[in-house]
Amino acid sequence: MATNKLTEVAGLVAQAVMGAKVKDKDGNAKTVKPTGDDNLLDLRDIVAGGSSFSGGDITPDDGTDTSDGVNIIPGSLDDGSITSRRLEWSGTTSTTEATNITFMNDVGLNLNQVGDGLQFWGHMQRIKVTDGVKADADIVPLNFDPKNVKKNDYYTTTSPIPFSISRDKLPTAKKVTITLNGVGEGLDNIVDHVSPTISFTFNQDKTLTVLPTEGHDLDAGTKDDTGTKDDTGTVKTNGAFYTFVLDYINNYSIQDPIAQLPPSVNLFSGSASGEIALSGANEFFDNVMDGLEITFDPLLHTNIVDKDRKEVSYNLTDIGVPTSIKVPKAKLIENFEFNGFDKLTPTVLAVKNPIYQTPGYLQFLGYSANTIKILKNAITVNIAVKTSQSSFNNLNDSSYGKVNYTFLVTKITPYKN
């Protein structure tokens, strides 16, 4: 039977390959879809035996993507295929109403100044409910697991964290919603589950509107009355309410994987505080393995001298402070600033081998500075402890003054977990 050209074309299209199903090195099934104008499948990482899947919008088959292709895994920090990250916003969004965000940099009228897209980092606010009574809000950290396995003390979601949205998926004036599907905290006896969501709308004035919706996991109350009841017959609901809170946004670009520096490489060696230039790392720290390890002088030096005219110093461990900090690669975002150490517990230490004119005790009260800031090819470390110097006879005697002592950085290297 004769066929016309249109019929032949239709037959070819019906048999055309529209994607590929593959398994990564961990045995997880993935769907790879064509990207770009050429409709090519990017299988370079798969052929090489990798699992970073850079260069395309890749959606795992096991329910990871809950946003119609919006929230993707664009690449990997581990191999450096995610690059050019700079801070675009930081703060705290509202849990009850829309928050309008103004970006720190010019993102362009259609986000054409952000590289390949934006990444959104945040935490889950939780309000526990016990016998129908709500507690004060607290925080539960997020855990991304495509296999949706409960992790104690975390809220597990099958939606990739951070949320990564390609710029072409955030057209002006269109609301994009991400649902945090998953087992959550895996609470017992849950009969009423609603996943929290977060929506983003890029506006014509180059601002971003962020709007959360509350989710919950409850054992009874809103769907039926099968829970435990009090004397009046009221159901005593147990469970929790959850709302996603946005903490910061960075842009990102995608590149081919790059070689990583080993932990044996010193990016800095010496004695310094404040802004420290690093040698060997690239400008966006794509090549520093899993992050940066900052090593401090193990001694805290003071302005006090003892009977032998030697400087009085203390081990950092004497005041409960470790001698190094590991900054994970996820935090190595240009202009991102964060705390270095956890809260310092007040400590009193005697002055060693004192002379009459010196104080007898140093009270370590807390941090007077405690920040790390990421720059291009550099890092700023400002950490200092505040002390009150008192006499041997009276700890409340502060006539010797209050002095801040700075921690000194001696080495910065890449690290590998």
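The values are calculated or read from the model by the stated rules, or taken from the named source; none is laboratory data. Keep in mind it's a predicted model, so treat the numbers as computed, not measured. Cβ: placed from backbone, ideal geometry, glycine included. Neighbour counts: every protein chain shown.
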Residue count, segment 285-295 (criterion: in a loop (DSSP other than H, G, I, E, B) and crowded, with 24+ Cβ neighbours inside 10 Å) = 2
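Any chance segment 296-317 includes a residue that's surrounded by fewer than 14 Cβ atoms within 10 Å (Cβ to Cβ), in a helix (DSSP H, G or I) and either touching a Pro at 6+ places or on another chain (Cβ under 6 Å) or assigned by TED's automatic domain parsing to the domain that holds Asn377 (or both)?
Yes, the conditions are met somewhere in segment 296-317.
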Can you tell me which residues in segment 67-85 are modelled with pLDDT of 95 or more, in contact with a Phe, Trp or Tyr (Cβ under 6 Å, 6 or more places away or on another chain) and among the polar types (S, T, N, Q)?
-> Thr83, Ser84
Considering each of Thr157, Thr95, Thr102 in turn, give the residue that is in contact with a Phe, Trp or Tyr (Cβ under 7 Å, 6 or more places away or on another chain) and at negative phi.
-> Thr157
Being surrounded by 15 or more Cβ atoms within 10 Å (Cβ to Cβ), at pLDDT 55 or above and of a type outside the set (Val, Ile, Thr) is the filter here, so list the residues in segment 203-235 that pass it.
-> Lys206, Leu208, Leu211, Pro212, Glu214, Gly215, His216, Asp217, Leu218, Asp219, Ala220, Gly221
Out of the residues in segment 158-202 that are in contact with a Ser or Thr (Cβ under 8 Å, 6 or more places away or on another chain) and hydroxyl-bearing (Ser, Thr, Tyr), state the one that is surrounded by the most Cβ atoms within 10 Å (Cβ to Cβ).
-> Ser159
Filtering segment 130-157 down to residues that are modelled with pLDDT of 95 or more and hydrophobic (A, V, I, L, M, F, W, C), which residue is surrounded by the most Cβ atoms within 10 Å (Cβ to Cβ)?
-> Leu142
Would you be able to tell me the number of residues in segment 251-272 that are under 20 Å from Arg86 (Cα atoms) and of a type in the set (Phe, Trp, Tyr)?
-> 1
Screening Leu118, Leu111 for residues that are in contact with a helix residue (DSSP H, G or I) (Cβ under 9 Å, 6 or more places away or on another chain), crowded, with 17+ Cβ neighbours inside 10 Å, in a loop (DSSP other than H, G, I, E, B) and not acidic (Asp, Glu) leaves only Leu111
Can you name the strands (runs of 3 or more DSSP E) wholly within segment 318-374 that have at least 3 residues being more than 30 Å from Val288 (Cα to Cα)?
-> 347-350
Considering every residue within segment 165-178, establish whether at least one is in the same structural domain as Val210 (by TED's automatic domain parsing), closer than 30 Å to Gln204 by Cβ, in contact (Cβ under 8 Å) with a residue 12 or more places away in the chain and of a type in the set (Gly, Ala, Ser).
-> yes
Please go through segment 135-173 and pick out each residue that is acidic (Asp, Glu) and closer than 23 Å to Ile333 by Cβ.
-> Asp168
Give the residue, chosen from Ile372, Ile355, that is at pLDDT below 95 and either loosely packed, with under 13 Cβ neighbours inside 10 Å or hydrophobic (A, V, I, L, M, F, W, C) (or both).
-> Ile355
Examine segment 304-317 for a residue that is touching a Lys or Arg at 6+ places or on another chain (Cβ under 9 Å), closer than 20 Å to Gly274 by Cβ and either at pLDDT 95 or above or of a type in the set (A, V, I, L, M, F, W, C) (or both), and state whether such a residue exists.
-> no
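Do you know which residues across segment 376-389 are of a type outside the set (Gly, Ala, Ser) and buried (at least 16 other Cβ atoms within 10 Å of the Cβ)?
Across segment 376-389, the qualifying residues are Ile379, Val381, Asn382, Ile383, Val385, Lys386, Thr387, Gln389.
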Log entry, pairs with first residue in segment 195-207 being at positive phi, second being surrounded by fewer than 18 Cβ atoms within 10 Å (Cβ to Cβ), beta carbons closer than 8 Å, six or more apart or on different chains, reads Lys206/Asp106; Lys206/Gly108; Lys206/Leu109
